[in-house]
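Have a look at the structure below before the remarks.
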Amino acid sequence: MQTHGTAAHPQRFEAPERHFAGLNADLLARIVAAASDVALVVDAQGVIRDVSLGASAAAELAELRQWVGRRWAETVTIENRAKVQSMLTIGAPAAGQPMPPERQVTHALSGGVDLPISYSIVPLDGQGAVLALGRDLREVATVQQRLVDAQQSMERDYLRLRHTEARYRLLFEAVDEAVLVLDASSLVVFEQNAAAGRLLGDAGKRMVGRSLLDTLAPASHAEVQAGLAQARTGGRCDELTIHLSGSDTALMLSASAFRQDSMTLLLVRLAPLAGALTTASGTSSGLVTAGGHEGNGTAAPSLLDVVNTLPDAFVLTDMQGRILAANQAFSDMLQLPPGELVQGQPLDRWLGRTSVDLNVLITNLRQHGVLRLFQTTMRSGLGEVNPVEISAVAVPDGHQACLGFAIRDVARRLPADTRPARQLPRSVDQLTGLVGRIPLKDIVGETTDLIERLCIEAALELTRDHRASAAEMLGLSRQSLYVKLRRYGILGDGAPEEPGSSH
């Protein structure tokens, strides 16, 4: 009995001599015709002696009958003749050895039509004659071409969308009027432009993700809610006078509603009642490219030119993460306007979900010197967030101690993470199935515990088990994080439990 086959050793009949001993030539020919689209009998000199066509190809490929008497290599395109010659030189496999793999060749038919065929070779005798069993790959080729066309269409649509979004964000940031985009139901801020940040001052630093009401004086809440409700139902609202929380500053607010992805959003405009728009004072950021030769002068000019023209962003910072130099790709990734500099700016102004990411990077570089494939995000100057992958190195002993970061945009990369996904203890159906059997309070408590545990595990993974940084990322004290680690059994055996411990 033969062993079971694998991908390289297909499983064959266990007793073919018992089942097929009485086959005659006519029955064998019918089996070949039923099992393949095209079958060729080729002699030892490579000449086609007979052709069999399956039922699906008999009418459409009738001209293949004219191949009889021609050399097999003459029927294929020039680049495929070596494949044909290789298949003809394959001898009969030894006992227990797998059959030769299929080879794909392309035949040139009349009228310039290409016919892709995948052949399997079966030796007929010891004289070199073979039986070539072929499968018509035209449908596969058609599907592949459609896939390529669809991918190219998606690429064009993606680029068009990116360009449109870049123009929108440029316009959004360029206008002098303060503009906010809110969710019409919750009044949570989705986006704000730079003018809004300048107008709101400290209140505008962390507006995104928070309710607009959080930045307003309590006396303005009722009027603003009524006005925005009017905009949500009627499309726009009358101008309102509002006051910021903890400030006597009076602003004029107007709003209009629009629809996006089946959601109702509000476009809110703010303006000061009197006086000029105050602007926050700040230093001009600066881009020091490697091509500008702003460095310690130790690198050859050609190397600087290469670094400056790399498609991936490269940034050089001091040991605290303040930018010393960057190449042009970094400026392009941030979508900075020409002339705006990044030199002297902290890298975490654009890098990371929070400042924790850069702290984790710097801590690991100081401890280990090298860090590879760190996953985080990059915020462009227009507010767009893209996933990036960072490899970094510390150079503490040079002319000036510094850190080097190679940053790659991975927004278009296909997922390649083969790690098994976390399995939730309960599915949504299981949780909803508990309704009526246990109190709602217990269901909510179980769901909260599940989400809390998954968030803690995600934070530990993002910070590479640096628990102090994970606590900061989650907005917890170190003591609270350690309590939760013990509660969910995440705290490893023998791991330090002191709140000040770091890993």
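Counting only helices (runs of 4 or more DSSP H) that sit completely within the range 394-503, those holding 3 or more residues that are at pLDDT 70 or above and buried (at least 16 other Cβ atoms within 10 Å of the Cβ) correspond to 440-462, 467-474, 478-487. Consider the range 54-85 and keep the residues that are of a type in the set (Val, Ile, Thr) and in contact (Cβ under 8 Å) with a residue 24 or more places away in the chain. The one that is surrounded by the fewest Cβ atoms within 10 Å (Cβ to Cβ) is Thr77.
Residues checked against (1) in contact (Cβ under 8 Å) with a residue 40 or more places away in the chain; (2) not hydrophobic (A, V, I, L, M, F, W, C):
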position: Leu334; (1), (2): yes, no
position: Glu340; (1), (2): yes, yes
position: Gln345; (1), (2): yes, yes
position: Thr363; (1), (2): yes, yes
position: Leu371; (1), (2): no, no
position: Met378; (1), (2): yes, no
position: Val385; (1), (2): no, no
position: Gln400; (1), (2): yes, yes
position: Val410; (1), (2): no, no
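Scanning the range 335-367 for residues that are outside any loop (DSSP other than H, G, I, E, B) and open to solvent by 60 Å² or more (accessible area, probe 1.4 Å) turns up Leu341, Arg349, Asn359, Arg366, Gln367.
Being within 21 Å of Leu216 (Cβ to Cβ), modelled with pLDDT under 80 and within 39 Å of the chain's Cα centre (by Cα) is the filter here; which residues of the range 244-285 pass it? Listed by number, the list holds a single entry, Ala280. Of the residues making up the range 108-115, at least one is in contact with a His (Cβ under 6 Å, 6 or more places away or on another chain) and either assigned to a helix (DSSP H, G or I) or at negative phi (or both).
Scanning the range 244-273 for residues that are in a strand (DSSP E or B), among the β-branched types (Val, Ile, Thr) and surrounded by 16 or more Cβ atoms within 10 Å (Cβ to Cβ) yields a single hit, Val268.
Residue-wise test of (1) outside any helix (DSSP H, G or I); (2) under 22 Å from Ala129 (Cα atoms); (3) of a type in the set (Asp, Glu); (4) out of contact with any Leu (no Cβ under 8 Å at 6 or more places or on another chain).
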{"site": "Glu14", "(1), (2), (3), (4)": "yes, no, yes, yes"}
{"site": "Asp26", "(1), (2), (3), (4)": "no, yes, yes, yes"}
{"site": "Ala33", "(1), (2), (3), (4)": "no, yes, no, no"}
{"site": "Leu40", "(1), (2), (3), (4)": "yes, yes, no, no"}
{"site": "Ile48", "(1), (2), (3), (4)": "yes, yes, no, no"}
{"site": "Glu60", "(1), (2), (3), (4)": "yes, no, yes, yes"}
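Any residue in the range 88-103 that is outside any loop (DSSP other than H, G, I, E, B) and at pLDDT below 85? Scanning the range 88-103, I find at least one residue that is outside any loop (DSSP other than H, G, I, E, B) and at pLDDT below 85, so the answer is yes. Residues in the range 226-233 include none that are among the β-branched types (Val, Ile, Thr) and touching a Ser or Thr at 6+ places or on another chain (Cβ under 6 Å).
Of the residues that make up the range 137-150, is at least one of a type outside the set (Asp, Glu), over 30 Å from the mean Cα position of the chain (by Cα) and either under 30 Å from Thr75 (Cβ atoms) or at pLDDT 85 or above (or both)? Scanning the range 137-150, I find at least one residue that is of a type outside the set (Asp, Glu), over 30 Å from the mean Cα position of the chain (by Cα) and either under 30 Å from Thr75 (Cβ atoms) or at pLDDT 85 or above (or both), so the answer is yes. Among residues of the range 368-382 being over 30 Å from Ala196 (Cα atoms) and open to solvent by less than 70 Å² (accessible area, probe 1.4 Å), the one that is farthest from the chain's Cα centre (by Cα) is Gly369. I'd like to check something: does the range 286-299 contain any residue that is modelled with pLDDT of 85 or more, in a loop (DSSP other than H, G, I, E, B), over 23 Å from Asp397 (Cβ atoms) and open to solvent by less than 70 Å² (accessible area, probe 1.4 Å)? Looking for residues that are modelled with pLDDT of 85 or more, in a loop (DSSP other than H, G, I, E, B), over 23 Å from Asp397 (Cβ atoms) and open to solvent by less than 70 Å² (accessible area, probe 1.4 Å), one finds none in the range 286-299, hence no. When you scan the range 383-393, how many residues do you find that are farther than 19 Å from Gly321 by Cβ and surrounded by 19 or more Cβ atoms within 10 Å (Cβ to Cβ)? Looking only at that region, the number is 0. Looking across the range 28-53, the residues that are of a type in the set (A, V, I, L, M, F, W, C) and free of Cβ contacts under 8 Å to residues at least 60 places away in the same chain come down to Leu28, Ala29, Ile31, Ala33, Ala34, Val47, Ile48, Val51, Leu53.
Checking each residue of the range 153-172 against the condition of being over 30 Å from Arg103 (Cα atoms) and among the small types (Gly, Ala, Ser) gives at least one match. The numbered conditions (1) touching a residue at least 24 places away in the same chain (Cβ under 8 Å); (2) open to solvent by less than 80 Å² (accessible area, probe 1.4 Å) are all true for Gln127 except (2).
Scanning the range 7-53 for residues that are open to solvent by 90 Å² or more (accessible area, probe 1.4 Å) and at pLDDT below 75 yields Ala7, Gln11, Arg12, Phe13, Glu14, Glu17, Arg18, His19. Considering the range 318-334, the residues that are open to solvent by 50 Å² or more (accessible area, probe 1.4 Å) and modelled with pLDDT under 85 include one that is nearest to the chain's Cα centre (by Cα), namely Asp332.
The values are calculated or read from the model by the stated rules, or taken from the named source; none is laboratory data. Note that the structure is a prediction, hence the values are computed from the model and not measured. Cβ sites come from the backbone with ideal geometry, for glycine too, and all protein chains shown count toward neighbours. Side chains are part of the model used for accessible areas, which takes the heavy atoms of the whole protein and leaves out ligands, DNA and RNA. Shrake-Rupley method; radii C 1.70, N 1.55, O 1.52, S 1.80 Å.
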